[in-house]
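Okay, here's the structure, questions in a sec.
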Amino acid sequence: MASTRQALISVSDKTGVVAFAQALTGFGFRILSTGGTAKLLAQAGVPVTEVADYTGFPEMLDGRVKTLHPRVHGGILARRDLAAHVDAMSREGMDYIDIVAVNLYPFRETVANPQCTLDEAIENIDIGGPAMVRAAAKNYRHVAVLTDPGDYAALVDEMTAAAGSVSLETRFALARKAYSHTAQYDGAIANYLTSLGADGVRTPFPARLNLAFDKAQDLRYGENPHQQAAFYRDLAPAPGSLARYAQLQGKELSYNNIADADAAWECVKTFDAPACVIIKHANPCGVAVAESPLAAYRRAFATDPTSAFGGIIAFNRDVDADTAAAVAGQFVEVVIAPAFSEAAQQAFAAKANVRVLEVAMAAGANDWDLKRVGGGVLVQTPDSHNVAPTDLRVVTRLAPSEAQLRDLVFAWRVAKYVKSNAIVFCGNGQTLGVGAGQMSRVDSARIASIKAQNAKLDLEGSVVASDAFFPFRDGLDVVVDAGARAVIQPGGSVRDDEVIAAADERGIAMMFTGVRHFRH
């Protein structure tokens, strides 16, 4: 057999492939390739041998059969340390293939198009590619397999430093990544095919759900020290999602930090004006909009200074030095914003434990929300509904003023992120009292008013949002007794007429959204 080492390169994503092939040629590799990849390399001046010429068997069936041949798979799978394998390769005149660089047909990208047909999806199911990847990964002791163009440069650097060789450690790491790659690929195919109904129409939820995530980090512990935990990211996190954070300083993020930071970030993103959201134990304890991040922070903090201790704070605007100095003056676990000025970073540097996260502002949401239960998982589409004034229906004799309407929409946006049963008092773009997570809505109403009293905030003339309907008039009476003069709620109770009559009796305005925001 020839002693020339061989690399097989056949890629759908051609990022960096020319430079990679050129480097391998410099190390003395003969390049085998197929179709578009071979054409691209040849045009770039890289010496390349078509797989069809190498195997002596032409591509056929519109390219469905190209690499499924013993000269390819024997070269990949043969163990160099087994005499029987070496003899068989010699007897058949077959050469080893030492590097396999393959990435697969763009199936996920194809089916992401709502107009994709079943025939188009089927044609983008790769067969030869996964076979070569799995074969090379199985034989990692002798073969390096690359499925990610991002790994090309590191491999070339290692080979440059090691006279063209690749360590066993690197080959094993690449093999593990390769099997994850093919598993995710097959999972995407199964998700798509099992989401098709008998009529061929795609449904939101597949019959067999395959999920794939990349581990971002191990965490010190879970919700409690006796629990183990890790943070996993989506393979392609949605734009603007917390998983795309860059940590500028501070201690390692904990399980609870990440959960609360996500609640803060998702809430603050919904506001157009400069906004600040303070989260404590998954609930907003203070939210405000204002003319600047600093003013928004001060108003949000004033809602509940006690609960804000050790909270998570998010801004939807860049943080400047003055805002950073004010936030650093309290005990805070995490601060999140689209960006921090250099002076702001210096202000936080004095508080070395504070975790400072940058997350780019962008529209995007998860495909699904997931919640684990015993023996299964609940899956739903995300609650992405945001109310507009034109969506609201006045159900009382009295209609809200323009100022009240602005506050009602603000309060409704906040209530969406408060654990049910949720009652939120607001006024002039600021939360005044938040009642969360009670078994009774009337108790949430009482707690929200008590929170305002504790913070010495006046509820007279305020507005109230309730995340679901008032089942009786008692909850409405509590908020009106506290000073509320306008209410927003979904409606839908069998006692709506009773509650509307109570609102008219008390002389307040009430609006129905027709949408509820339970959050468990």
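The values are calculated or read from the model by the stated rules, or taken from the named source; none is laboratory data. This structure is a prediction, so every number in the text was calculated from the model and none was measured. No Cβ is skipped: glycine too gets one built from the backbone with ideal geometry, and neighbour counts run over all protein chains shown. Just so you know, the surface numbers come from the protein's heavy atoms only, side chains and all, with ligands and any DNA or RNA stripped out. Shrake-Rupley method; radii C 1.70, N 1.55, O 1.52, S 1.80 Å.
Zone of ASN428 (label point 7 Å along Cα→Cβ, backbone N under 19 Å): which residues in the stretch 271-312?
Zone members listed by number: 273-277, 286-305.
Calculate, for THR4 and ALA190, the FRET efficiency according to 1/(1 + (r/R0)^6) with r their C-beta to C-beta distance and R0 45 Å; round to the nearest 0.05.
It comes to 0.65.
Nothing charged except the Cβ atoms of Lys and Arg (+1) and of Asp and Glu (-1): what's the magnitude of the dipole of the chain about its Cα centre? Round to the nearest 20 debye.
Around 820 debye, computed over the chain.
Sticking with this one: Calculate the FRET efficiency for LEU370 and VAL86 from the Cβ-Cβ distance with a Förster distance of 56 Å, rounded to the nearest 0.05.
Efficiency at R0 = 56 Å is approximately 0.65.
By how many degrees, 0 to 90 and rounded to 10, does the Cα axis of helix 293-303 deviate from the longest principal axis of the chain?
60
Between ALA349 and ARG220, what is the label-point separation in nm under the 7 Å Cα-to-beta-carbon projection?
Those two pseudo-labels are separated by 2.4 nm.
While we're on this one: Full-extension gain between GLN227 and ASP272, please, as 0.36 nm times their residue separation minus the C-alpha to C-alpha distance.
Answer, rounded to one decimal: 12.3 nm.
So, one more: Can you work out the Karplus-derived ³J(HN,Hα) for every residue in the stretch 198-212? Use 6.51 cos²θ - 1.76 cosθ + 1.60 with θ = phi - 60°, whole Hz, and x for glycine or proline.
Each residue of the stretch 198-212 in turn: 4, 8, x, 7, 7, 9, x, 10, x, 5, 10, 8, 10, 10, 9 Hz.
Under a 5 Å amide H to amide H cut-off, with H placed in plane at 1.01 Å, what residues pair with ARG202 once short-range neighbours are removed?
GLY197
Which lysines, if any, have their Cα less than 27 Å from the Cα of LYS14, not counting same-chain residues under 8 positions apart?
LYS39, LYS66, LYS138, LYS177, LYS215
I'd like to check one number: the per residue accessible area of the stretch 170-292, probe 1.4 Å, reported in Å² as a whole number.
The answer is 50 Å² per residue.
Now for a separate question. LYS269: which lysines have alpha carbons under 23 Å from its alpha carbon, excluding same-chain residues fewer than 8 sequence positions away?
LYS280, LYS371, LYS416, LYS419
Here are labelled values, (i) 26.1; (ii) 30.9; (iii) 33.2, and one is the computed mean projected area of the Cα convex hull in nm² for what I pasted. Which one?
Computed from the coordinates, mean projected area of the Cα convex hull in nm² corresponds to (ii).
Follow-up. At a 1.4 Å probe, what is the % contribution of carbon and sulfur to the accessible area of the chain?
Looking at the chain in its full context, I get 52 percent from C and S.
Another question, then. Expressed as a whole number of Å, what is the distance separating the alpha-carbon centroids of the stretch 20-48 and the stretch 112-137?
Computed from Cα coordinates, the inter-centre distance equals 24 Å.
Angle check, please: helix 17-26 long axis (alpha carbons) against the longest principal axis of the chain (alpha carbons), in degrees 0 to 90, nearest 10.
Roughly 40 degrees between the two axes.
What is the gain in length, in nm to one decimal, between ALA207 and ARG393 on full extension, counting 0.36 nm per residue of separation less the C-alpha to C-alpha distance?
63.1 nm
On to the next question. Determine the gain in length on full extension of the stretch ASN386-LYS251; use 0.36 nm per residue of separation and subtract their C-alpha separation, reporting nm with one decimal.
Full extension from ASN386 to LYS251 adds 45.2 nm.
Please work out the C-alpha center-to-center distance from the stretch 348-365 to the stretch 153-232 and express it in whole Å.
26
HN-Hα J couplings of the stretch 429-437 from phi, Karplus 6.51/-1.76/1.60, θ = phi - 60°, integer Hz, Gly and Pro as x?
x, 9, 6, 10, x, 10, x, 9, x
Under a crude label model (7 Å from the Cα following the beta-carbon direction), how far is ASP13 from ALA163 in nanometres?
3.4
Taking every DSSP beta bridge with both residues inside the stretch 297-391, roughly what % is antiparallel (nearest 5)?
Within the stretch 297-391, antiparallel bridges account for around 35 percent of the total.
Also, I was wondering about something else. Which ³J(HN,Hα) values, rounded to whole Hz and listed in residue order, are derived for the stretch 502-512 from phi using the Karplus coefficients 6.51, -1.76 and 1.60 in 6.51 cos²θ - 1.76 cosθ + 1.60 with θ = phi - 60°, glycine and proline given as x?
Those phi angles translate into 5, 5, 5, 4, 8, x, 10, 8, 9, 10, 9 Hz.
Return the FRET efficiency for the residue pair SER292, VAL515: r is the Cβ-Cβ distance, R0 is 30 Å, and the value is rounded to the nearest 0.05.
After rounding, the FRET efficiency stands at 0.40.
A follow-up question, please. Report the local net charge at ALA21: Lys and Arg +1, Asp and Glu -1, summed over other residues whose C-beta lies under 12 Å from its C-beta.
My count for the surroundings of ALA21 gives +2.
Counting only other residues whose beta carbon sits under 14 Å from that of THR194, what net charge do I get with K and R as +1, D and E as -1?
+1
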